[in-house]
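The values are calculated or read from the model by the stated rules, or taken from the named source; none is laboratory data. Computed from a predicted structure; not experimentally measured. Note that we place each Cβ from the backbone using ideal geometry, even for glycine, and neighbour counts take in every protein chain shown. Note: accessible area is taken over every heavy atom of the protein model, side chains too, but ligands, DNA and RNA are not part of it. Shrake-Rupley method; radii C 1.70, N 1.55, O 1.52, S 1.80 Å.
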Amino acid sequence: MDIIVTGHGHFATGLSSTIQLLAGELSHVHYVDFTKEMSEENLVDQLKSIMVKDKSYVFFCDLIGGTPYKEAARLSAADAKRIGVVAGCNLASLLEVGISLTDSDNDVDYLTEELVTISQKGTQIFKVKPIKQEVIEDGI
């Protein structure tokens, strides 16, 4: 199974750059940008050029409702057992799943759920909490 990262502008290649810095090349992850010069047809052609018959894919899209998401959803609707789609996931989920992905992984539903779950767990708020200083009176 492979992951195809796609999104507006240089979303995909931006993630690729970060992934390579952190983990090196991930052989089962592909990156396709949807730039302003491209048409929807150009995007679909690039996505299909990556896809091999009889192999499973999960599309990792930048946001719900955008062109990359809609085109991935159309491909999934035609072959839902083999093609899954997620949107809004984060770098941590792509890194964690991408590192462990193998050719033998083929459960699209499991992988899409895993990407979303890891993204949710990795989204947190940093808050500064005041430290209470303990006063020790030793009687001296």
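With all protein chains in place and a 1.4 Å probe, the accessible surface of the chain carries 52 percent carbon and sulfur.
Which of the trypsin sites (Lys or Arg not before Pro) across region 70-140 are loop residues per DSSP, with 15 or fewer other Cβ within 10 Å? In loop regions of region 70-140 (DSSP not H, G, I, E or B), the sparsely surrounded trypsin sites (Lys or Arg not before Pro) are 81, 127, 132.
Heavy-atom accessible surface of residue 6, to the nearest 10 Å², is about 0 Å², with a 1.4 Å probe and all protein chains retained.
Could you pull out the GluC sites (Glu not before Pro) across region 1-43 that fall in loop regions by DSSP (anything but H, G, I, E, B) with no more than 10 other Cβ atoms inside 10 Å?
Details: sites: 25, 37, 40, 41; in loops: 25, 37.
The qualifying sites are 25, 37.
The smallest convex shape that holds all Cα atoms of region 19-65, its convex hull, gives 120 Å³ per residue.
Our note on the geometry: Cα centres of region 1-37 and region 46-125, 12 Å apart.
Simple point charges give the picture: +1 on the Cβ of Lys and Arg, -1 on the Cβ of Asp and Glu, and for the chain a dipole about the Cα centre of about 300 debye. According to the Cα-based calculation, Rg over Rh for region 52-98 is 0.99, with Rh computed by the Kirkwood formula.
From Cα pairs below 8 angstrom and at least 6 apart in sequence, can you work out the relative contact order of region 1-52, rounded to a whole percent?
Relative contact order here is 43 percent.
Angle of helix 67-78 to the longest C-alpha principal axis of the chain, folded into 0 to 90 degrees and rounded to 10: 60°. For GluC sites (Glu not before Pro), the sites in region 80-140 that DSSP calls loop and that have at most 11 other Cβ atoms within 10 Å are 134, 137. One quarter of the convex hull surface built on the alpha carbon atoms of the chain amounts to 12.5 nm², the projected area averaged over directions.
Take every pair of alpha-carbon atoms less than 8 Å apart whose residues are at least six positions apart; their mean separation over the length of the chain yields a relative contact order of 26 percent.
What's the FRET efficiency of residue 91 with residue 42 using the Cβ-Cβ distance as r and R₀ = 25 Å, to the nearest 0.05?
0.45
Annotation: per residue accessible area for the chain equals 64 Å², rounded to a whole number [probe 1.4 Å, protein chains only].
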